[in-house]
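The values are calculated or read from the model by the stated rules, or taken from the named source; none is laboratory data. Please read these numbers as outputs of a predicted model, since none were measured by experiment. Glycine gets a Cβ as well: all are built from the backbone with ideal geometry, and neighbour counts include every protein chain shown. For the accessible areas, the whole protein counts, side chains as well, though only heavy atoms, and no ligand, DNA or RNA atoms are used. Shrake-Rupley method; radii C 1.70, N 1.55, O 1.52, S 1.80 Å.
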Protein chains: 2
Amino acid sequence: MKIYFAGAIRGGRDDAKQYKEIIAYLGNIGQVLTEHIGSTDLTWKGEISKNDNEIYKRDMKWLKSANVMVAEVTVPSLGVGYELGIAEKLNIPVLCLYRSEKGKKLSAMVKGNNHISCQEYHNLTEAHLCIDAFIKSLDYLGGSYQ
Amino acid sequence: MKIYFAGAIRGGRDDAKQYKEIIAYLGNIGQVLTEHIGSTDLTWKGEISKNDNEIYKRDMKWLKSANVMVAEVTVPSLGVGYELGIAEKLNIPVLCLYRSEKGKKLSAMVKGNNHISCQEYHNLTEAHLCIDAFIKSLDYLGGSYQ
């Protein structure tokens, strides 16, 4: 199974370690195409070895080849939102994981969207359970990804 | 011309006044479907008279009916990013306006994306010029919106 993981880069790296842990777990299930998003060396400046168009083209190629998308959406990110819209149009199943934080509320475009599976979690154990349930739901849908 | 204006709500309301000014200018060009985004009464909690699914369905209906989308993307927003992805898939011309700010960088999914017209501005006069040029470019593309 090819997994497109999405998390904020230029939107802010507060959750980089969280992304890393989730990516490590997803790595047991399939191939994570976007492993670099969990790198704690990656700052809000983004990748510096590629220009924006190169990054865009590579990421879209990866997204189109993915069987599923998993996004951590607690830190608001324009790029992650864009990818959610594209994934929906490509009929790629999407799981959005988020943590409730004081003074923050998840977008209605995601929370109120029946095309997106949206799950709140409080710790990594819960995140793992949400991922397991999401993958299991794909099997029910007739997917054969493993 | 029907214009879908997008700006951050739950992502943060730091730019609410900026949105209001841009919406006022767009109102001279066409009908702004999402005028409420410029309301300074609207907080990060979002609209409270509707649930998330009602907001999602209304906004998607508006977006599908729009001739153009104009987004102010300086404050990162998951919802605005999602709408950019959907607008692209609906072949709706999109203008993204942003201001460069210290410690912030625009997403490569937007900046490196040739489907989106992306313009930096420093003040409202420049924003107006960007909007005028964008609308003019639609005429060149054969659009007859007015």
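Data for the structure
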read-out: Residue mean of other protein chain beta carbons inside 10 Å, A:81-94; value: 5
read-out: Estimated vicinal HN-Hα couplings, Hz - the range A:104-119 in sequence order (Karplus 6.51, -1.76, 1.60; Gly, Pro = x); value: 10, 8, 6, 4, 5, 5, 9, 5, x, 9, 6, 7, 10, 7, 10, 10
read-out: Inter-chain shielding of A:8-14 (mean C-beta neighbours from other protein chains, 10 Å cut-off); value: 4
read-out: Positive minus negative residues near residue A:41 (Lys, Arg vs Asp, Glu; Cβ under 13 Å); value: +2
read-out: For the range B:37-72, residues shielded by at least 30 square angstrom of accessible area compared with the chain on its own, probe 1.4 Å; value: B:44, B:52, B:53, B:56
read-out: Copies compared at residue A:39 - label distances in nm, ascending, label defined 7 Å from Cα in the Cβ direction; value: 4.5
read-out: Rg/Rh for the range A:39-146, where both radii come from Cα atoms and Rh is the Kirkwood radius; value: 0.97
read-out: 5 angstrom amide H check on residue B:32, placed H, neighbours 5+ away; value: B:3
read-out: Amide H contacts under 5 Å for residue B:68, placed H, 5+ residues apart; value: B:2, B:4
read-out: Charge-dipole axis of the range A:18-76 as Lys and Arg at +1 and Asp and Glu at -1 on Cβ define it, positive-most pick from A:42, A:67, A:25; value: A:67
read-out: Protein accessible area in chain A, 1.4 Å probe - carbon and sulfur %; value: 47
read-out: Copy-to-copy label separations for residue B:90, where each label sits 7 Å from Cα toward Cβ, in nm and ascending; value: 2.1
read-out: Sequence-separation-based contact order of chain A, relative, with Cα cut under 8 Å and 6+ spacing, percent; value: 26
read-out: 7 Å along Cα→Cβ, label-point gaps from residue A:28 to other copies, nm, shortest first; value: 6.0
read-out: Descending principal axes extents, the protein assembly as shown, alpha-carbon based, whole Å; value: 54, 45, 35
read-out: Solvent-accessible area per residue for chain A (1.4 angstrom probe, square angstrom); value: 47
read-out: Cα-centre dipole for chain A with unit charges at Cβ (Lys and Arg positive, Asp and Glu negative), debye to 20; value: 300
read-out: Those residues of the range A:81-112 whose amide nitrogen sits under 15 Å from the label point placed on residue B:53, 7 Å along Cα→Cβ; value: A:108-112
read-out: Within 10 Å of each Cβ in B:112-118, the average number of Cβ atoms from other chains; value: 4
read-out: Assigned charges on the beta-carbon of Lys, Arg, Asp, Glu; the range B:74-146 dipole about Cα centre (debye); value: 280
read-out: Accessible area buried, both sides summed, chains A and B with 1.4 Å probe, Å²; value: 3300
read-out: Charge dipole (chain B, unit charges on Cβ, about Cα centre) - positive-most of B:121, B:11, B:1; value: B:11
